[in-house]
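Below you'll find the structure, written out as structure tokens, and then a few comments.
The values are calculated or read from the model by the stated rules, or taken from the named source; none is laboratory data. From a predicted model like this one, the values you see are computed outputs, not experimental measurements. With ideal geometry, Cβ positions are generated from the backbone for all residues, glycine too; neighbour counts draw on all protein chains shown. For the accessible areas, the whole protein counts, side chains as well, though only heavy atoms, and no ligand, DNA or RNA atoms are used. Shrake-Rupley method; radii C 1.70, N 1.55, O 1.52, S 1.80 Å.
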Amino acid sequence: MAASVTGRGAGLLRHLSGLLHSRFPFVVGGPQQLSCLHTGVSLQSRVWEKKNMKIYPPQLPGEPRRPAEVHHCRRQIKYSKDKMWYLAKMIQGLSIDEAIAQLQFNDKKGAKIMREVLLEAQEMAVKNHNVEYKSNLYVAESFSGKGMYLKRIRYHGRGMFGIMDKVYCHYFVKLVEGPPPKTEEKNSLDQAHEYVQGLRRRTIVHSL
């Protein structure tokens with residue numbers, strides 16, 4: 001009786017392994033193929049890099065030259081998205097040389113990573129986007145995004161424990177050819193006037 005049950009169990013296991021191999025061939029292949037399998041949405045959506053492949057219609061004679069745009073990013077950085085956000089907004093609107101200089105003299109870990117991304121984007125602009133002078137670029141957009149959050153156990157005393165997060169983030173940058181746009185200098189009176197106008201334009205939901 002035990003031998004018959006064992007035989008049936010082995011047959012069932014062979015049947016299940018055959019089904020898995022036919023439907024999911026990468027699962028049965030071994031741990032080396034599982035290393036490239038990722039189910040995160042952030043890695044599957046590559047919209048930011050695809051903007052470099054956008055094709056524009058030919059320009060008319062006499063029309064001003066369209067400035068080149070370079071989109072570049074780095075994903076799954078072992079760093080907090082909030083710490084990266086402050087550094088990203090610090091260099092937004094600066095020229096590429098000034099942004100690299102600001103990050104070079106910053107001791108934070110995120111500044112070194114952002115400097116590497118900017119240098120990669122600058123090299124891409126010269127090689128792939130027909131930018132003549134690599135210094136003729138400015139940082140048009142610079143922001144960070146949330147990556148994977150891995151839950152881990154932090155062991156406490158007396159058999160207790162807590163939950164900690166291993167955080168990751170993404171960094172996105174957009175370089176545009178040309179000098180950086182000039183920002184309007186506003187005094188405190190102009191800022192107060194804009195604030196009051198914004199309060200007057202706001203819409204109060206469920207009001208009379």
Item checked: Glu98 vs. criteria modelled with pLDDT of 95 or more, touching a His at 6+ places or on another chain (Cβ under 8 Å) and of a type outside the set (A, V, I, L, M) -> no
Next item on the list: Name every residue in segment 111-155 that is assigned to a helix (DSSP H, G or I) and open to solvent by 80 Å² or more (accessible area, probe 1.4 Å), in order of residue number.
Entry: Lys112, Glu116, Glu123, Lys127, Asn128
Notebook entry, point to check: Out of segment 156-178, which residues are open to solvent by 100 Å² or more (accessible area, probe 1.4 Å) and either basic (Lys, Arg) or out of contact with any Lys or Arg (no Cβ under 9 Å at 6 or more places or on another chain) (or both)?
Noted result: His156, Arg158, Met160
Notebook entry, point to check: So which residues in segment 111-130 are under 19 Å from Met53 (Cβ atoms) and without any contact (Cβ under 8 Å) to a residue 24 or more places away in the chain, if there are any at all?
Noted result: Glu123, Val126, Lys127
